[in-house]
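Structure first, commentary second.
The values are calculated or read from the model by the stated rules, or taken from the named source; none is laboratory data. All of these numbers come straight from a predicted model, not from anything done at the bench. Here the Cβ is made from the backbone with ideal geometry for all residues, glycine too, and neighbour counts use every protein chain on show.
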Amino acid sequence: MNNIRTIVGMQFGDEGKGKIVDFFSNDADVVIRYNGGDNAGHTIVANSKKYKLHLIPSGSVYGKDLIIANGCVLNPKILIDEIKMFDQVRLRISGRANVIMPYHIELDGLQEEERQKKIGTTKRGIGPCFSDKVNRSNAIRMYDLIDEKTLMKKIKENLSSKAKLIKYDDIEEYAENIFREYSGYGKFLEKYVCDTGVYLDEKIKENKEILFEGAQGCFLDVDHGTYPFVTSSNTLSGALCCGCGFFPKDMKITGITKAYVTRVGEGYFPTELFDNDGEHFLKVGVEYGTTTGRPRRCGWFDLPLMRRAVLLNSADSLVLTKLDVLSGLKKIKICTHYKINNKTTDIFPDNLEELKHAEPIYQEFDGFEDVDLSKIKKREELPEKVQVYVNFIEKQLKVPIEIISVGPKREETIIC
Ligand code: GDP
Ligand code: IMO
Ligand code: MG
């Protein structure tokens, strides 16, 4: 069972998935991205370097076999820049993955401007690209990008269908310009494009170590997240089935969660802080978006949210990241329940109208002294007060904590 594992975000993204995927990649043979696009930003600190990856799987730092599967949407320019970051990349890209085109990026900006309730998208064209996909707009896929004839035809078709939304001075000239640029990307990427499903199936049958890298987080899922403040695709562990065309009958699901909560962009956030403790998380945790540089909103650890995340992802184990960031706080709180319309609930409500009225109920814990947790290698060596905090979370969620992360570097990791 342990030779297939998926890593998923249990909160609003940026839980530290990149670091943990890199950590597990040491033992992996193949690392696969199956959802999202370059709205993701996965940071890895290794070999005295910081890698900020948006598309290429985090197994790239260990030089593993990589797949970008059909469930992803690809901005070819961003992908090429990332491929060039490495001396050698063993990458396979699904021909069925949809391509983010300049008009998707333009539309993302325009739609956001027009929205009364802003989502705060990453403006990477993710929503419009997924819209074209599910709207069956004859959108451009990787197989089309590498076939010049189809590419030109589809660019023209897609541009004319957008003419009501975007004003072009000269649509023919614009189409030619896009074609010139994108056919160049196609030529560069051609050698990587293939039937990734068959390749993955072979590796699974050979009993290789397979690691799936989820992007975004549970509550950004278009079905199960805090709609409409979500991304445009599924982000749960289950997304990998359609995202790469493989149904895992036996797989370990590892949910990544920060020891507090952050969110970038708009939307519900019951435990959000607007005081000095929130400032502490922002400053000490260096909570700025990897993709957009925006400051992340910060709040206390939220058990109702996590109980829902465990349920939605069928998490078998947890990784608790950024525990070191709590160090220095005098008191620490954990939200154990929400009070909604005078009733108490222990799980994140399904009905988002109820969520609007959720008041967090907190349990208070002693803060950690100004201890440096980053050098600690064993769970039992954590100071008593830190153990109380970690054990409480584990007991409440009834899921074992497999790893505790106490710093951004590979070696700042405790295996429990
Ligand atoms: P991802 O999107 O889930 O991969 O997370 P991001 O990379 O966007 O954000 C996580 C940030 O926290 C990155 O800057 C990581 O280098 C950093 N990080 C990861 N784990 C830890 C940790 O345990 N402690 C600290 N201090 N930083 C961490
Ligand atoms: P990783 O993989 C955090 C958020 C955006 C916005 C909403 C919709 O690094 O955890 P989109 O551009 O997808 O249409 O934006 O989703 N968002 C993320 N927030 N981490 C991410 O990815 C995110 N990907 C999208 O900020 O609120
Ligand atoms: Mg991120």
Quiz item: Quick check: anything in the stretch 87-96 surrounded by fewer than 24 Cβ atoms within 10 Å (Cβ to Cβ), touching a helix residue (DSSP H, G or I) at 6+ places or on another chain (Cβ under 8 Å) and small (Gly, Ala, Ser)?
Solution: yes
Quiz item: In this structure, is residue 392 assigned by TED's automatic domain parsing to the domain that holds residue 254, touching a residue at least 12 places away in the same chain (Cβ under 8 Å) and surrounded by fewer than 18 Cβ atoms within 10 Å (Cβ to Cβ)?
Solution: yes
Quiz item: From the list 168, 182, 174, which residue is surrounded by fewer than 21 Cβ atoms within 10 Å (Cβ to Cβ), touching a residue at least 12 places away in the same chain (Cβ under 8 Å) and hydroxyl-bearing (Ser, Thr, Tyr)?
Solution: 174
Quiz item: On the given criteria, is residue 220 in the same structural domain as residue 305 (by TED's automatic domain parsing) and within 16 Å of ligand 3 (Cβ to nearest atom)?
Solution: yes
Quiz item: Consider residue 280 against the criteria (1) under 17 Å from the mean Cα position of the chain (by Cα); (2) crowded, with 17+ Cβ neighbours inside 10 Å: it satisfies all of them except one. Which criterion is unmet?
Solution: (1)
Exercise. Check every one of the strands (runs of 3 or more DSSP E) wholly within the stretch 29-125 and list those with 2 or more residues that are touching a Lys or Arg at 6+ places or on another chain (Cβ under 7 Å).
Key: 30-33, 42-46, 65-68
Quiz item: Out of 12, 23, which single residue is touching a residue at least 24 places away in the same chain (Cβ under 8 Å), of a type outside the set (D, E, K, R), within 14 Å of ligand 1 (Cβ to nearest atom) and in a loop (DSSP other than H, G, I, E, B)?
Solution: 12
Quiz item: Of the residues that make up the stretch 268-283, is at least one within 15 Å of ligand 1 (Cβ to nearest atom) and touching a Phe, Trp or Tyr at 6+ places or on another chain (Cβ under 7 Å)?
Solution: yes
Quiz item: Of all residues in the stretch 322-344, which are within 16 Å of ligand 3 (Cβ to nearest atom) and on the phi > 0 side of the Ramachandran plot?
Solution: 322
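Would the stretch 50-65 turn up any residue that is modelled with pLDDT of 95 or more, within 12 Å of ligand 1 (Cβ to nearest atom) and over 17 Å from the mean Cα position of the chain (by Cα)?
Yes; the residues of the stretch 50-65 include at least one that is modelled with pLDDT of 95 or more, within 12 Å of ligand 1 (Cβ to nearest atom) and over 17 Å from the mean Cα position of the chain (by Cα).
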Quiz item: For the stretch 328-358, how many residues meet the condition of being surrounded by 11 or more Cβ atoms within 10 Å (Cβ to Cβ) and under 27 Å from the mean Cα position of the chain (by Cα)?
Solution: 16
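Quick grid of which residues meet (1) without any contact (Cβ under 8 Å) to a residue 40 or more places away in the chain; (2) over 28 Å from residue 119 (Cα atoms):
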position: 302; (1), (2): no, no
position: 312; (1), (2): no, no
position: 339; (1), (2): yes, no
position: 370; (1), (2): no, yes
position: 379; (1), (2): yes, yes
Exercise. Kindly indicate the residue of the stretch 1-35 that is near ligand 3 (Cβ under 10 Å from one of its atoms) and of a type in the set (Gly, Ala, Ser) and also nearest to residue 306 (Cα to Cα) among those meeting that condition.
Key: 9
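Kindly indicate which of 29, 38 is at pLDDT 95 or above and buried (at least 22 other Cβ atoms within 10 Å of the Cβ). First the steps, then the outcome.
Values: 29 fails: buried (at least 22 other Cβ atoms within 10 Å of the Cβ).
So the residue among 29, 38 that is at pLDDT 95 or above and buried (at least 22 other Cβ atoms within 10 Å of the Cβ) is 38.
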